[in-house]
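S.K.: Sharing a structure here in structure tokens format.
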There are 2 protein chains.
Amino acid sequence: MLIVQKYGGTSVGDLERIRAVSQRVIQSAKQGNKLVIVVSAMSGVTNELIDYANFFSKNPNGKDMDMLLSSGERVTAALLSIALNEQGFKAVSFSGRKAGITTDEVFTKARIKFIDTQAIKQELNQGKIVVIAGFQGVSEQGDVTTLGRGGSDLSAVAVAGALEADLCEIYTDVDGVYTTDPRIEPKARKLDKISYEEMLELASLGAKVLQNRSVELAKKLNVNLVTRSSFNHNEGTIITKENNMEQALVSGIALDKNQARITLRKIKDKPGIAAEIFSTLANENINVDMIIQNIGLDGATNLGFTVPENELDLAKNAMQKILDDEAVIESDRAVVKVSVVGVGMKSHSGVAATAFKALADESINIGMISTSEIKISMIVQEKYGELAVRALHEAYELDKK
Amino acid sequence: MLIVQKYGGTSVGDLERIRAVSQRVIQSAKQGNKLVIVVSAMSGVTNELIDYANFFSKNPNGKDMDMLLSSGERVTAALLSIALNEQGFKAVSFSGRKAGITTDEVFTKARIKFIDTQAIKQELNQGKIVVIAGFQGVSEQGDVTTLGRGGSDLSAVAVAGALEADLCEIYTDVDGVYTTDPRIEPKARKLDKISYEEMLELASLGAKVLQNRSVELAKKLNVNLVTRSSFNHNEGTIITKENNMEQALVSGIALDKNQARITLRKIKDKPGIAAEIFSTLANENINVDMIIQNIGLDGATNLGFTVPENELDLAKNAMQKILDDEAVIESDRAVVKVSVVGVGMKSHSGVAATAFKALADESINIGMISTSEIKISMIVQEKYGELAVRALHEAYELDKK
């Protein structure tokens with residue numbers, strides 16, 4: 001098989017860890033696999049470099065930052081290649097540029113435009129393991145760029161897609177994707193498989209295994225992702241196409257604590273007021289999540305929405321500027337969002353009813369509801385958040401396979 | 001003026017030092033100069049990276065090492081550019097590749113083949129200060145390469161030559177080139193000017209300001225070098241063409257303590273024996289310096305030569321292998337080489353006589369003598385080395401301008 005493996009910061013956290021990774025790579029090579037390895041910077045290195053930059057400037061320019069930050073991954077790539085060669089496995093270290101990863105010019109958060117895999121293929125054909133510095137590429141003008149948060153995952157997925165690799169293994173310090181956070185529900189079960197769509201919902205709801213950008217790219221490029229731990233040999237979770245699997249009714253329960261609710265009362269119901277409110281919030285880069293609107297008995301509009309907790313004050317200030325004096329702005333930080341995710345919802349009715357009943361049985365009041373094809377999200381009081389997760393996990397029998 | 005400035009490891013030793021360098025650069029920019037800055041890695045960084053590599057392998061391959069080691073200079077270049085931009089001076093950081101420095105494929109000690117200055121010129125024309133990561137280039141196959149010891153000096157000289165810069169300033173932690181080592185002779189005087197040829201002799205005799213490769217390249221490319229300290233504002237020493245200056249009779253006195261003498265007695269005087277001896281030493285990579293040969297009264301040949309002290313045992317072993325049992329191999333570690341260097345010797349006679357008289361006056365015996373157009377070297381007993389330096393410094397009145 002042709003496999004792309006990606007090792008994150010904690011997996012290559014120090015020299016001993018890099019050696020352990022080299023042994024894992026060798027194990028896979030001995031099984032006859034062709035391997036491309038993508039590595040992050042050793043943990044702490046990127047933050048140290050950012051501290052260095054901040055010594056000189058609170059707002060360093062992106063071009064210099066990318067020159068600075070891209071060095072960490074190059075070091076890891078070189079060291080891993082040295083470790084592999086020393087153990088008798090031919091390897092070669094590549095920068096993002098040498099790997100053919102061409103990006104746009106948006107420094108510090110560049111997007112990959114295309115990958116020229118010629119150099120990678122040439123080395124693979126010579127029986128070499130190719131070790132690529134993640135998180136980086138090169139612009140068409142020849143400047144080094146970095147891909148932003150989760151950039152090394154993106155490098156791995158993009159390279160796997162371009163090479164049409166059989167598998168893209170993402171190694172972190174967790175075993176895979178769980179039905180819910182095991183710290184909240186000890187009965188949480190690791191999933192063997194999950195669809196891209198479900199993973200996207202879970203990632204956007206706070207599951208920290210993978211970032212949305214990487215899952216989206218994997219979906220787009222049809223890359224079979226596996227997320228697993230580099231600290232043990234447990235099987236991970238495969239993230240793949242929906243039709244490749246038995247469709248579970250519900251795959252997981254997510255809890256997002258970074259939520260605050262704003263309720264606007266007595267708004268003048270003039271045309272375009274909602275548009276004005278939400279375009280104002282968008283201009284301030286505030287991420288509005290759930291929205292409900294209803295007409296009060298007095299004929300005035302009530303509008304409720306949720307924002308990330310740390311953007312609440314910003315949102316309230318923005319509202320004060322555009323609403324007239326009669327409008328009332330209420331807010332509540334003590335709310336969380338509980339979500340049920342599963343592709344099975346598409347073809348099964350009654351999934352939402354089960355959720356509502358489970359919460360009602362625990363006397364948990366649901367403040368807001370929003371649904372998508374494969375997700376039901378509910379806003380509840382913060383103090384009931386973890387109880388809600390456990391109740392839903394139980395209701396859908398997620399501890400059982 | 002168009003000036004290339006190069007700052008070495010101690011000059012950019014930490015973040016405070018990089019800030020100090022940024023202020024020095026700005027001072028020069030305010031005087032209206034166009035500036036290209038070449039930087040080394042922060043002191044200690046390169047050694048740390050080598051330690052990392054040695055954790056995995058005692059003999060890491062060159063290609064990976066160059067990927068690894070080239071990262072240190074990139075960090076410094078990015079940080080200095082950030083510091084300059086923060087202070088309102090437009091700057092941009094370049095890797096060796098972006099600076100257009102193309103080398104051969106000899107990893108860890110590549111040679112520069114050519115420099116495409118287009119990108120540098122473009123930024124200079126936009127009024128920017130270009131900060132280049134020293135010590136590195138890129139091969140025509142697109143792999144990053146490093147230039148070996150003193151590589152950042154080489155980068156600076158090569159870029160200055162390619163840009164036809166007015167000046168190439170090499171900043172270190174010493175003030176410039178002295179008539180001799182001030183620790184031996186406190187009356188030693190800093191030279192305002194010295195010719196390439198004299199600098200080459202002094203460098204090969206142990207003056208550590210600049211390495212020969214850089215001076216040779218400066219000579220070849222006609223680059224006016226200035227070596228000065230980044231820790232004060234003293235004027236440095238200009239290293240330039242001979243005919244640009246009043247020709248001093250003698251410019252400096254050098255002392256090389258890393259010398260040992262081998263004397264071979266009773267060698268059979270067969271044809272080709274000298275060739276056999278010196279080709280054997282060359283094959284062992286032993287650097288033979290001075291040689292004398294004479295026919296003894298017994299008709300057998302005596303051959304004396306000097307080698308670096310740490311290569312003495314290797315040289316003796318090599319000789320034992322090829323000489324017959326009658327030959328006698330003697331050696332002496334307690335010798336040093338004292339040299340007088342000056343372009344004035346070319347056109348003045350009696351320079352050597354002055355040296356011999358100065359040593360005779362101190363009752364110092366001269367063991368071997370070798371001369372070049374601009375140099376007289378003498379082997380003396382180690383215990384007289386420093387006295388010999390002071391006597392010669394006095395004899396040529398080097399404390400006076």
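The values are calculated or read from the model by the stated rules, or taken from the named source; none is laboratory data. All values reported here derive from a predicted model rather than from experimental measurement. Cβ sites come from the backbone with ideal geometry, for glycine too, and all protein chains shown count toward neighbours. The accessibility values were calculated without ligands, DNA or RNA, using every heavy atom of the protein model including side chains. Shrake-Rupley method; radii C 1.70, N 1.55, O 1.52, S 1.80 Å.
Conditions tested, residue by residue: (1) in a loop (DSSP other than H, G, I, E, B); (2) more than 25 Å from B:Arg149 (Cα to Cα); (3) aromatic (Phe, Trp, Tyr); (4) at pLDDT 90 or above.
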{"position": "B:Thr180", "(1), (2), (3), (4)": "yes, no, no, yes"}
{"position": "B:Pro186", "(1), (2), (3), (4)": "yes, yes, no, yes"}
{"position": "B:Ala207", "(1), (2), (3), (4)": "yes, no, no, no"}
{"position": "B:Leu217", "(1), (2), (3), (4)": "no, no, no, yes"}
{"position": "B:Val226", "(1), (2), (3), (4)": "no, no, no, yes"}
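S.K.: Return the total of residues in segment B:357-371 being of a type in the set (Gly, Ala, Ser) and either open to solvent by less than 50 Å² (accessible area, probe 1.4 Å) or touching a His at 6+ places or on another chain (Cβ under 9 Å) (or both).
M.R.: Residues that pass the stated criteria total 3.
S.K.: A further question on this structure: Could you look through segment B:109-126, keep only residues that are touching a Phe, Trp or Tyr at 6+ places or on another chain (Cβ under 9 Å) and free of Cβ contacts under 8 Å to residues at least 60 places away in the same chain, and pick out the one that is nearest to the other protein chains (Cβ to nearest Cβ)?
M.R.: Filtering segment B:109-126 for residues that are touching a Phe, Trp or Tyr at 6+ places or on another chain (Cβ under 9 Å) and free of Cβ contacts under 8 Å to residues at least 60 places away in the same chain, the one nearest to the other protein chains (Cβ to nearest Cβ) comes out as B:Ala119.
S.K.: Give A:Lys187, A:Lys257 a once-over and let me know the one that is open to solvent by 10 Å² or more (accessible area, probe 1.4 Å), closer than 30 Å to A:Thr301 by Cα and either in the same structural domain as A:Leu303 (by TED's automatic domain parsing) or not polar (S, T, N, Q) (or both).
M.R.: Criteria check complete, one pass: A:Lys257.
S.K.: For segment B:87-108, how many residues are more than 11 Å from chain A (Cβ to nearest Cβ), buried (at least 23 other Cβ atoms within 10 Å of the Cβ) and more than 24 Å from the chain's Cα centre (by Cα)?
M.R.: 0
Results for (1) over 21 Å from B:Tyr178 (Cα atoms); (2) open to solvent by 60 Å² or more (accessible area, probe 1.4 Å); (3) in the same structural domain as B:Asn310 (by TED's automatic domain parsing), shown as yes or no for each residue.
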| position | (1), (2), (3) |
| --- | --- |
| B:Arg333 | yes, yes, yes |
| B:Val340 | no, no, yes |
| B:Gly350 | yes, no, yes |
| B:Ala355 | no, no, yes |
| B:Ser377 | no, no, yes |
| B:Glu386 | no, yes, yes |
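S.K.: Suppose we filter A:Val380, A:Val351 for residues that are under 26 Å from A:Pro308 (Cα atoms) and in contact (Cβ under 8 Å) with a residue 24 or more places away in the chain; which single one remains?
M.R.: Exactly one residue qualifies, and that residue is A:Val380.
S.K.: For segment B:41-65, what are the residues that are more than 9 Å from every other protein chain (Cβ to nearest Cβ) and of a type in the set (A, V, I, L, M, F, W, C)?
M.R.: Of everything in segment B:41-65, those that are more than 9 Å from every other protein chain (Cβ to nearest Cβ) and of a type in the set (A, V, I, L, M, F, W, C) turn out to be B:Ala41, B:Met42, B:Val45, B:Ile50.
S.K.: Quick check on B:Ser81: is it open to solvent by less than 20 Å² (accessible area, probe 1.4 Å) and without any contact (Cβ under 8 Å) to a residue 24 or more places away in the chain?
M.R.: No: the conditions fail for B:Ser81.
S.K.: Search segment A:1-22 for residues being free of Cβ contacts under 8 Å to residues at least 60 places away in the same chain and open to solvent by 60 Å² or more (accessible area, probe 1.4 Å), and hand back the single one that is nearest to A:Asn47 (Cα to Cα).
M.R.: If we take residues in segment A:1-22 being free of Cβ contacts under 8 Å to residues at least 60 places away in the same chain and open to solvent by 60 Å² or more (accessible area, probe 1.4 Å), then A:Asp14 is nearest to A:Asn47 (Cα to Cα).
S.K.: Still on this structure, I have one more. Restricting to segment B:201-229, what's the tally of residues that are surrounded by fewer than 23 Cβ atoms within 10 Å (Cβ to Cβ) and among the hydroxyl-bearing types (Ser, Thr, Tyr)?
M.R.: Qualifying residue count for the region: 2.
S.K.: If you scan segment A:66-77, which residues turn out to be at the interface with chain B (Cβ under 7 Å from one of its Cβ atoms) and in contact (Cβ under 8 Å) with a residue 40 or more places away in the chain?
M.R.: Answer for segment A:66-77, where residues must be at the interface with chain B (Cβ under 7 Å from one of its Cβ atoms) and in contact (Cβ under 8 Å) with a residue 40 or more places away in the chain: A:Met67, A:Arg74, A:Ala77.
S.K.: Going by the structure shown, is A:Gly137 in contact with a Phe, Trp or Tyr (Cβ under 6 Å, 6 or more places away or on another chain) and open to solvent by less than 40 Å² (accessible area, probe 1.4 Å)?
M.R.: no
S.K.: With the structure loaded, tell me whether B:Ser28 is away from chain A (no Cβ under 13 Å) and within 25 Å of the chain's Cα centre (by Cα) or whether it fails that test.
M.R.: The answer is no for B:Ser28.
S.K.: Separate question: Restricting attention to segment B:137-154, and to residues there that are within 20 Å of the chain's Cα centre (by Cα) and under 13 Å from B:Gly62 (Cα atoms), which single residue is nearest to the other protein chains (Cβ to nearest Cβ)?
M.R.: B:Thr146
Residue by residue, here is whether (1) open to solvent by 10 Å² or more (accessible area, probe 1.4 Å); (2) closer than 21 Å to A:Val75 by Cα; (3) out of contact with any strand residue (DSSP E or B) (no Cβ under 7 Å at 6 or more places or on another chain) holds:
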residue	(1), (2), (3)
B:Met42	yes, yes, yes
B:Asn47	yes, yes, yes
B:Tyr52	yes, yes, yes
B:Ala110	no, yes, no
B:Lys113	yes, no, no
